[in-house]
Amino acid sequence: MRKVNGDTAQDVFTEEHKKMVATGEKWMKDTSGSCMVVATIIATVAFAAAFTVPGGNISDHESPKNGFPVFLERNTFAMFAVANAVALFSSITSVIMFLAIMTSRYTEEDFLKSLPQKLIIGLASLFLSMASILVAFGAAFTLVLRFRYPWAPIPIAIFGLISVLLFAFQDFPLFLEMVSVTYWPHVLTAKNRRPILSEKESRRSFKQSIKRTTEKEKEKEVSNKISDSEAVKK
């Protein structure tokens, strides 16, 4: 269906939401740029930490374990290695998602699913990388200082938890809103959604409505003639 000037519903929608698209594009680019910087820093730190493990490596050329990490047999070192790997991979995933947002076309269709999904994955990956890098730092700090300061893991865990909670409280509402709008939209629910007909079905529906209107007019005309004839007879 078209308006009198020939515009379709899509044309009207595009024209009415030009300012909103521009505003959304600017917000997406600013948010993605800031988060991508943080994710890049975390990826750099995690990559460097993989080659500078806490405690160093064994440097005995006669030992079969030459070059192995000193704390390789400790469970805390395994925690450090896993957390550091998770931080590296999740931060790289976050960078990829935010880079995809930065290079998007920013059309109306992209704002419906593509861009929100990328932002959701990017924020989730960034949160996971920040939490993992704090766990890796805590594990490394514990390995180095636990013999001299046995109580060291306690303040490390407290301060790390505070940092994670601060980030969660700041960005979790945005994350929840993006998930809600993307996967459970209230405007596009089945209750509020009207069926979209194809062009062929629209023409058929239009012809049927004209036919029904014509039949009603004929019936009304016949009923008027009958009432007029009865009035003449009386």
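Please verify whether Leu166 is at pLDDT 75 or above, under 36 Å from the mean Cα position of the chain (by Cα), under 29 Å from Ala39 (Cβ atoms) and assigned to a helix (DSSP H, G or I), treating the condition exactly as stated.
yes
Quick test of your reading of the structure: Gly56 fulfils all but one of (1) out of contact with any helix residue (DSSP H, G or I) (no Cβ under 7 Å at 6 or more places or on another chain); (2) open to solvent by 50 Å² or more (accessible area, probe 1.4 Å). Name the failing condition by number.
Against the list (1) out of contact with any helix residue (DSSP H, G or I) (no Cβ under 7 Å at 6 or more places or on another chain); (2) open to solvent by 50 Å² or more (accessible area, probe 1.4 Å), Gly56 comes up short only on (2).
Quick one: how many residues across the range 105-120 are in contact with a Ser or Thr (Cβ under 7 Å, 6 or more places away or on another chain) and touching a residue at least 24 places away in the same chain (Cβ under 8 Å)?
Summing the residues that are in contact with a Ser or Thr (Cβ under 7 Å, 6 or more places away or on another chain) and touching a residue at least 24 places away in the same chain (Cβ under 8 Å) in the range 105-120 gives 6.
Select from the range 105-119 the residues that are open to solvent by 40 Å² or more (accessible area, probe 1.4 Å) and assigned to a helix (DSSP H, G or I) and write down the one among them that is nearest to Glu16 (Cα to Cα).
Here the residue is Glu108.
If you take the residues of the range 73-103 that are assigned to a loop (DSSP other than H, G, I, E, B) and free of Cβ contacts under 8 Å to residues at least 12 places away in the same chain, which of them is least open to solvent (accessible area, probe 1.4 Å)?
Thr103
Yes or no: Gly67 in a loop (DSSP other than H, G, I, E, B), surrounded by fewer than 16 Cβ atoms within 10 Å (Cβ to Cβ) and touching a residue at least 12 places away in the same chain (Cβ under 8 Å)?
Against the criterion (in a loop (DSSP other than H, G, I, E, B), surrounded by fewer than 16 Cβ atoms within 10 Å (Cβ to Cβ) and touching a residue at least 12 places away in the same chain (Cβ under 8 Å)), Gly67 does not qualify.
Among Gly33, Gly67, Gly55, which is the only one that is closer than 30 Å to Thr107 by Cβ and of a type outside the set (D, E, K, R)?
Gly33
I'd like the full set of residues that are part of a loop (DSSP other than H, G, I, E, B) and over 27 Å from the mean Cα position of the chain (by Cα), limited to the range 1-21.
Across the range 1-21, the qualifying residues are Met1, Arg2, Lys3, Val4, Asn5, Gly6, Asp7, Thr8.
Within the range 101-111, identify whether any single residue is among the hydrophobic types (A, V, I, L, M, F, W, C) and at pLDDT 90 or above, and answer yes or no.
Yes, because at least one residue in the range 101-111 is among the hydrophobic types (A, V, I, L, M, F, W, C) and at pLDDT 90 or above.
So Ile158 passes all but one of these: (1) surrounded by fewer than 16 Cβ atoms within 10 Å (Cβ to Cβ); (2) touching a residue at least 12 places away in the same chain (Cβ under 8 Å); (3) among the aliphatic types (A, V, I, L, M). Which condition number does it fail?
The single condition Ile158 does not satisfy is (2).
Filter the range 83-125 down to residues that are more than 16 Å from Met28 (Cβ to Cβ), of a type in the set (Gly, Ala, Ser) and in contact with a helix residue (DSSP H, G or I) (Cβ under 6 Å, 6 or more places away or on another chain), then give me how many there are.
The total comes to 5.
In the range 22-53, how many are open to solvent by less than 30 Å² (accessible area, probe 1.4 Å) and in a helix (DSSP H, G or I)?
11
The values are calculated or read from the model by the stated rules, or taken from the named source; none is laboratory data. Keep in mind that this is a model prediction, so the values were computed, not measured. Using ideal geometry, Cβ is built from the backbone for each residue, glycine included, and neighbour counts are taken over all protein chains shown. Ligands, DNA and RNA are excluded from the accessible area calculation, which covers all protein heavy atoms including side chains. Shrake-Rupley method; radii C 1.70, N 1.55, O 1.52, S 1.80 Å.
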